[in-house]
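Structure, as structure tokens:
The values are calculated or read from the model by the stated rules, or taken from the named source; none is laboratory data. The shown structure was predicted, so the numbers you read here are calculated from the model rather than taken from an experiment. Please note: Cβ atoms are built from the backbone with ideal geometry, for glycine as well, and neighbour counts cover all protein chains shown.
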Amino acid sequence: MLDIYRYDEDNNAYLIVSKNGLQTAPIQTTHNGTTGETTVQQLYLKSDSSLYWYEDITLQPIPESAVKVGASAYPEAYISFKILVQGTMPTDDQWKNTASGAITDFYDIGSLHLGDTNLHTFWIQINIPAGTPPGTLTHVSIRLSRTENPVVP
Amino acid sequence: MARLVDSYDYEIKVISLDSTESLNIEDARQIYDSGLFRYTPPKIILSEQKGSTEIKEEEELSVKQRARNVSNEIGNMLEDVNVLLGIFNKRSKGITFQFDPEDLKNESLANAEDTLFGTMTGKITYAMYQKVLVLEDKIDKWLSHTAISNNGNLYGAR
């Protein structure tokens, strides 16, 4: 199975992110809601089996539309959630050119005759606007779509 | 071949970090009781008893050092003042005071211009004004010198 992994600094290990609302091991970021804060995090795609390869992989931040916080209606009052696929940390310009909630294509992992169990990097950026009331938001997630194919020896 | 779709969980924690928030007494007490912060007053070190001559020398050195420090500070301040005066002088070059030398009410002023500069144009430039200031300073010094030479009597010994 191809899953999203995060790096656990405390245990120096890569852990599978829990899925479909289980919330047992979610991706976690903390933001200062008073001033607003943007964080960038590196995540990974990894297959746990060399018997399968994956194509038509897409990643999408959920919810698709920006999430409004508080009672304000101006554009800055919305949480933005972006994904970029590349090996190195994206630049500010790259983030600016990426739309919040956009579906991002990922390259194939493995091929018809070869499985791939390596870690493959992608990045997420979350912006919490100034004036966001304190609390825990759990209605955000990353939707991973992929076509799983058996490796042909 | 199977199409798979999953949503991976994300938890965003939003906290409020307001630096202007003040602590109430109860918060402060809890922080103090937690033992995170403790004030330890510095220990008083009793030095060896010194002789009175030694103490006097140290005091004199200290006074000299303090005088030197004050002198340095005054020097720095004067440097700044001179810079400001330089700027002021540059800007003031164009200032000219004009009066009508024929008008009787300006008689003394016209006479002063004549005595000091040998002209009666009714125009006092900033440069002329500065010369007058220098001259006034010289006159003051001369008068003081004369008074000291004559035991405080400006007009000569009686």
Task: Members of the stretch A:25-55 found to be more than 8 Å from every other protein chain (Cβ to nearest Cβ) and polar (S, T, N, Q), listed by number - done: A:THR38, A:THR39, A:GLN41, A:GLN42, A:SER47, A:SER49, A:SER50
- [ ] Could you check how many residues of the stretch A:1-12 are in contact with a strand residue (DSSP E or B) (Cβ under 8 Å, 6 or more places away or on another chain) and more than 9 Å from chain B (Cβ to nearest Cβ)?
- [x] 4
Open item on the list: loosely packed, with under 14 Cβ neighbours inside 10 Å and within 14 Å of another protein chain (Cβ to nearest Cβ): is that true of A:HIS139 in this structure?
Closed with: yes
Open item on the list: Would you confirm whether or not the stretch A:106-129 contains a residue that is of a type in the set (A, V, I, L, M), more than 25 Å from A:GLY21 (Cβ to Cβ) and modelled with pLDDT under 90?
Closed with: no
Open item on the list: Residues that are part of a strand (DSSP E or B), in contact with a Ser or Thr (Cβ under 9 Å, 6 or more places away or on another chain) and modelled with pLDDT of 85 or more: does the stretch A:66-79 have at least one?
Closed with: no
- [ ] Output yes when any residue across the stretch A:101-122 is within 16 Å of B:SER7 (Cα to Cα), within 13 Å of chain B (Cβ to nearest Cβ) and loosely packed, with under 15 Cβ neighbours inside 10 Å, and no when none is.
- [x] yes
